[in-house]
Amino acid sequence: MNRLTDHLILISFDCLSALDLPILHELPHFQTILTIGALVEQVESIYPSVTYPCHATIVTGNYPNRHGVINNTLLQPGKTSPDWNW
């Protein structure tokens, strides 16, 4: 298969589900994205299914035990407000 481009733009929207699709199809800017982009409706999440581990899995193609992002925040025992996993 020949490559169509050297670049890929990946847009991931946090906290959307298949139940939101009918509403998104009505919104003008989402109509454009849905028309010219690719949409995957049958996605299974990983564990833990929180933002940063999920996005790291999408980008790397690896599970959290491999890429190391296991939570949105860092494991910092004794810290009342742990740092975010940037």
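Run lengths n ≥ 4 of DSSP H only: what is the helix-derived mean residue ellipticity at 222 nm for the chain, with -39500 (n - 2.57) per run over all residues, to the nearest 500? For the chain, the value works out to -7500 deg cm²/dmol.
Compute the Kirkwood hydrodynamic radius of the chain, taking the inverse of the mean of 1/r over all pairs of distinct Cα atoms, and give it in Å to one decimal. Could the numbers behind the result be given before it?
Values: mean 1/r = 0.0644 Å⁻¹.
Value: 15.5 Å, from the Cα pair sum.
Sparse packing (at most 11 other Cβ atoms within 10 Å of the Cβ) combined with a DSSP loop state is found for the following trypsin sites (Lys or Arg not before Pro) in the chain: 3, 79.
Taking Cα atoms only, the orientation of helix 51-60 departs from the longest principal axis of the chain by about 70 degrees. Spin-label model, residue 4/residue 47: points 7 Å from Cα along the beta carbon direction are separated by 3.6 nm. Considering only 36, 46, 70, the mean-square fluctuation computed in a Gaussian network model of the chain, springs between alpha carbons under 10 angstrom, is largest for 36.
Values in this text are rule-based calculations from the coordinates and carry no lab data. Values in this document were obtained by computation on a predicted structure and should not be read as measured data. Note that we place each Cβ from the backbone using ideal geometry, even for glycine, and neighbour counts take in every protein chain shown.
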